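Before any comments, here is the structure.
The values are calculated or read from the model by the stated rules, or taken from the named source; none is laboratory data. Quick caveat: nothing in here was measured; it's all calculated off a predicted structure. Here the Cβ positions follow ideal geometry from the backbone for every residue, glycine too, while neighbour counts run over all protein chains shown. These area figures cover heavy atoms from the full protein model, side chains too; ligands, DNA and RNA do not enter into them. Shrake-Rupley method; radii C 1.70, N 1.55, O 1.52, S 1.80 Å.
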Amino acid sequence: MPQTLLQKVWDAHTVRRLPSGQTQLFIGLHLVHEVTSPQAFDALRQRGWPVRFPRRTFATVDHIVPTRDAARPFADVMAEAMMTALERNCREFGVPLWGLSDQRQGIVHVIGPELGLTQPGMTIACGDSHTSTHGAFGSVAFGIGTSQVRDVLASQCLAMEPLKVRRIRVEGDLAEGVYAKDVVLAIIARLGVKGGVGYAYEYAGSTIEGLSMDGRMTICNMSIEGGARVGYVNPDATTFDYLRGRPFAPSGDAFDRAVSWWRSMASDPGAPYDDEVVMEAAALEPIVTWGVHPGQSVPVSGRLPAPSEAPPEERQNVADALAFMGFDAGAPIAGTPIDVAFIGSCTNSRLSDLREAARVVGGQRIARSVKGLVVPGSRAVRRAAEAEGLHEVFLAAGFEWRDAGCSMCLGMNPDRLEGRQISASSSNRNFKGRQGSPTGRTLLMSPAMVAAAAVAGEVVDLRQVLRAGGGAR
Amino acid sequence: MSARAITCVQGTGLPLRGHDIDTDRIIPARYLRAVTFEGLERHVFEDDRRGWAGAGAHPFDRDEWRGAAVLVVNANFGCGSSREHAPQALQRRGLQAIVGESFSEIFFGNALALGLPCASIGPADATWLQQLLEDAPDTQVVLDLETMTVSAAGRVVPASMPASARDALVSGAWDATGLLLARGEEVDAVAARLPYVSDW
Ligand code: SF4
């Protein structure tokens, strides 16, 4: 009987059916960071429990780290307390920690793949909703809360409800200036921010197969913004090539054995799906969000919706979002002035993202009115970008070139919007207050679109910029 | 570890209108800069409460709904970040159950792990209940997990949640840690069968 990857991974990791009907699922890789773990480690300490599989558990620090001047102690005493707690917990429980003195530090969803920890066929958990990123490798990766972090630390297991699988097939070639970010924003626009509740999203089709691992990670990363807790791509040659030679990937003969197991975990032809959706890549434009959740977006050539055009149950939401953003129904999104340009986050802070952004910047300068921030997702990305001279392009343009961390993706560190600022951002959430100012405003888009907006001082159609010969080729 | 069986939640309600209320709104990220959950309840919906048409106007600031046990919401409540700080803050504020049209999965699971049931009711039933609580804030709301119903002012509407979650609540098995720790040798057996755990 043909099966989906989800089913195979689920079966391979099932310990038993719990009396409630939930599945007790073994978790093959547990990634830990400073925000959602301290209370979980405390619970273990109180009960005298050890970490069950310290060798399948790895920690880093990302959310709170200042991306400029990360000297200890941090200026923010609360951030310092969290850092100290993580260091103490990892030491006491025998969990490896890649902290600020380690060259491997970075955003948890960037370093897992980059170190080769993330592999096909695994179950992965992390106390962070964007854990779905790791599904790009054909793993089943769950974002969890602190009580579940405690459960995984103590038992290496989770109690989970079964998931349905929706296959989302994207077919055809992407136009110049259109990226994985636009594909996933289009998927969310089509299926809605709650369309994925109860589902794992399997991304398939020629467009997805043609993407690099970086692009696949961008798409899986934002599964959660579409309500799907898990998103994955079946592992293929692109996946295996990426993993070859990574520090935690198997090597030599073991690599070949691994590849045959990894291949065997991919969805079979004819596997049953609970739902299937097909999209054409050629129809896609660069996409920009205009509202307060990632489903409120328009193609860059489009106009903002009027509440009256929305389905009845959405009208109030659209009206509220327009009011919060201070935008007029019917106005074009292109031409919206921006104050901040943020290139970073676990969605779009990898080397290929920075390369595309730098190509768009070319030798130009960013608009005088714009504060520009480029924040590599990891120290390894930062080093690789510097080896190619990308930092010089950004610095010459007037961007700040920062150290790795979550930065302005969320307001937990010194990088924040101020007041009503509007940010063009390559991150994943445009929720009210997300970027650190309760009244700040976020327009999500691809990193190349952010670069183009930074130069222009307003939202622009990257395709026109590229056609006009803007950016370096 | 066995937890307390939760079969029924009864008390006054707190209506909170709006779809897609995300966890960044429930508890802004700056309050995650802490190593405990203590005191989070003071910051529930803090930015919304400041920005709401005038001080004291947000449902969480209004006297008539103080002390409520049941929060009544609309669709996709708790979407976004996986922060357990969100259900922690709501529970620490005294809320014992949430009913509404639908919930994000991660939020639902986090709340379940705290013994905070989230029950789905029809969209029209959710707005009916909100209207009722706006008109008559003293109304008693009952979420009965055995009959899977919500009742108020003499009307009873059907409620739903995944059967396994319901069973876990009514049997007092919602704190899964004890169950997950129980069969250590079965866990080891699964681990040993996985090629990536046993080094290929
Ligand atoms: S970059 Fe943003 S979304 Fe990603 S882990 Fe950090 S805070 Fe979360």
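Annotations for the structure displayed:
- Two-decimal log10 I(q)/I(0) for the range A:36-161, as the Debye equation yields it once each C-alpha is a single scatterer, q = 0.10, 0.19 Å⁻¹: -0.31, -1.13
- In plain terms, the chain from A:GLN46 to A:LEU395 could stretch by 120.7 nm, reckoned as 0.36 nm per residue minus the Cα-Cα distance.
- The candidates A:TRP49, A:TRP98, arranged from most to least accessible area with a 1.4 Å probe in the full protein assembly, appear as A:TRP49, A:TRP98.
- Residue-level accessible surface for B:TRP174, protein heavy atoms, 1.4 Å, Å²: 40
- Note on chain A: Lys pairs 8 or more places apart or on different chains, Cα atoms under 29 Å apart, count 10.
- Ellipsoid fit via the Cα gyration tensor, the range B:140-182: semi-axes of 28, 9, 6 Å, each the root of five times an eigenvalue, largest first.
- Principal axes of the range B:89-200: Cα extent on each, largest first, Å: 64, 26, 23
- Each of B:ALA189 and A:PHE248 was given a label point 7 Å from its Cα along the Cα-to-Cβ line. The distance between the two points is 2.8 nm.
- In plain terms, the C-alpha convex hull of the range A:31-72 casts an average shadow of 3.8 nm² when viewed from every direction.
- Relative contact order for chain A, counting Cα pairs under 8 Å that sit 6 or more residues apart, in percent: 17
- Computed from label points 7 Å out along Cα-Cβ, the spacing between B:ASP199 and A:ARG467 is 5.9 nm.
- In the range A:146-226, Cα pairs under 8 Å separated by at least six residues give a relative contact order of 41 percent.
- C-alpha long axis of helix B:184-193 to longest principal axis of chain B, angle in °: 70
- Pairwise FRET efficiency - A:ASP320 versus A:ARG190, Cβ, R0 = 35 Å, nearest 0.05: 0.95
- 10 Å-binned pair-distance histogram of the range A:386-455 (Cα, whole percent): 20, 47, 29, 4
- 18 Å reach of a label modelled at A:SER260, 7 Å along Cα-to-Cβ, counting backbone N of the range A:115-158: A:120-121
- DSSP-loop GluC sites (Glu not before Pro) across the range B:35-97, with at most 11 other Cβ within 10 angstrom: B:GLU38
- Remark: the range B:36-84 projects, on average over all directions, an area of 4.6 nm² (convex hull of Cα atoms).
- Chain A: calculated mean residue ellipticity at 222 nm from DSSP helix runs of at least 4, using -39500 (n - 2.57): -9500 deg cm²/dmol
- With q set to 0.08, 0.09, 0.11 Å⁻¹, the log10 of I(q)/I(0) for the protein assembly as shown, from the Debye formula over equal scatterers at the Cα positions, is -0.56, -0.71, -1.11.
- Dimensionless Rg/Rh of the range A:169-309 - Kirkwood Rh, Rg from C-alpha atoms: 1.03
- In the range A:377-433, trypsin sites (Lys or Arg not before Pro) in a DSSP loop with at most 14 other beta-carbon atoms within 10 Å: A:ARG420
- Cleavage-rule hits (GluC sites (Glu not before Pro)) in the range A:387-427: DSSP loop, at most 15 neighbouring Cβ within 10 angstrom: A:GLU388, A:GLU418
- Spin-label model, A:ALA71 to B:ALA124: label points 7 Å out along the Cα-to-beta-carbon direction sit 6.6 nm apart.
- Take the convex hull of the alpha carbons in chain B; its mean projected area over all directions comes to 13.2 nm².
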